[in-house]
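Below is one structure, written out as structure tokens; the observations come after it.
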Amino acid sequence: MTLIEINWNPHRRELRMFAVALACLFMLGGAFCLQRGGSGRLSSTLFGVALVVLSVAWLTPHSMRPVYFLWMLLFYPLRWLVSCLLIAVVYYLVITPVGLIIRLSGRKLIEKHFDSETSTYWKPKTETRSPEDYFRQF
């Protein structure tokens, strides 16, 4: 029930975009290490890995397929959790308050209620239509 499914047959462009995103992630990690005053060795290694990922993806994008599938499979549970949480948040922060406001205002959106005293629930239409209206339905 994730909002985004795994693409089992990614195109070259999608593999390259994945590689660029992965390289950006490694670059951010390297920049974070440099900013925090960590070892320059770790940050230069992360920058080097980003450069290798970009080079490999540019020259042979199909070689990124195993990394792509591994990444997608590792983060699939996280994607499922985020999807469920997002749907729950939308339900409880949007739909529930709207329903409560409608109930508190006493407004009925649907004019249906069961009445055991009535013989029928049919409501006759008083609107008359001309024959031309049947040819222009919308």
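Only the coordinates and a few stated rules stand behind these numbers; no lab work does. This one's a predicted model, so the numbers in the text were calculated from it and none came from an experiment. Cβ sites come from the backbone with ideal geometry, for glycine too, and all protein chains shown count toward neighbours.
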Separation between Cα centres of the stretch 15-52 and the stretch 99-121, rounded to whole Å | 60
In debye, nearest 20, what is the charge dipole magnitude of the stretch 12-138 about its Cα centre with +1 on Lys and Arg Cβ and -1 on Asp and Glu Cβ, if you could check?
-> 440
Taking the dipole about the Cα centre of the chain, with the C-beta of Lys and Arg at +1 and of Asp and Glu at -1, give me whichever of G106, W80, Q137 is farthest to the positive side.
-> W80
Show me 96-106, 22-32, 65-75, 119-129 ranked by packing, highest mean number of other Cβ atoms within 10 Å first.
-> 22-32, 65-75, 96-106, 119-129
Within the chain, which complete DSSP H helices have Cα atoms spanning at least 15 Å along the helix axis and a mean Kyte-Doolittle hydropathy of 1.0 or higher?
-> 12-35, 40-59, 65-90
